[in-house]
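Down below is the structure, laid out as structure tokens.
The values are calculated or read from the model by the stated rules, or taken from the named source; none is laboratory data. Everything numeric in this text was worked out from a predicted model, so none of it was measured. So basically every Cβ, Gly included, is an ideal-geometry build from the backbone, and we count neighbours across all protein chains shown.
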Amino acid sequence: MTQLLPLVERIPLVAGKVGHPRCRPEKVQGDRAYDSMYHRVMLSCYRIQPVLAQRKTEHGSGLGVYRWVVERTLSWLHQNRRLRVRYERRPDIHEAFLTLGCVMICWNALNHGFC
């Protein structure tokens, strides 16, 4: 919850149409943990539409349709023990193993025809 805004601020430029590339996404989706008026206002200040599930409401917000892709990918990453249990203290080494995990996911997807 505390890392939502730093994450949004560090999103790299997105290539698109001719002209200035977009600096930030149009929408940000999140679960109930990110639902606060502060996050909604700050995202609106960045001209980002917050699509956040509201707390103390019934389930079935519709975010699960898209969220399973993220959850599935995280579970694929956690199949690697070094990513599931973080042994490295240095963030650059952890990021290297994270990159290797992502490469392995892409390699398996290309070999099995997921893309």
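Residue count for the stretch 35-48, restricted to those that are outside any loop (DSSP other than H, G, I, E, B) and surrounded by 13 or more Cβ atoms within 10 Å (Cβ to Cβ): 4. Considering the conditions (1) touching an Asp or Glu at 6+ places or on another chain (Cβ under 7 Å); (2) of a type in the set (K, R); (3) more than 23 Å from L5 (Cα to Cα), R55 is excluded by exactly one of them, (3). In the stretch 87-115, the residues that are more than 21 Å from V69 (Cα to Cα) form no Cβ pair under 7 Å with any partner that is of a type outside the set (F, W, Y) and at pLDDT 90 or above, whether six or more places apart or across chains.
Per-residue answers, yes or no, for (1) within 27 Å of I105 (Cβ to Cβ); (2) at pLDDT 80 or above:
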position: G19; (1), (2): no, no
position: K27; (1), (2): yes, yes
position: M42; (1), (2): no, yes
position: Q49; (1), (2): no, yes
position: T57; (1), (2): no, no
position: G62; (1), (2): yes, no
position: S75; (1), (2): yes, yes
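Between W68, W107, the distinction of being farther than 28 Å from V41 by Cβ, at pLDDT 85 or above and of a type outside the set (G, A, S) belongs to W107 only.
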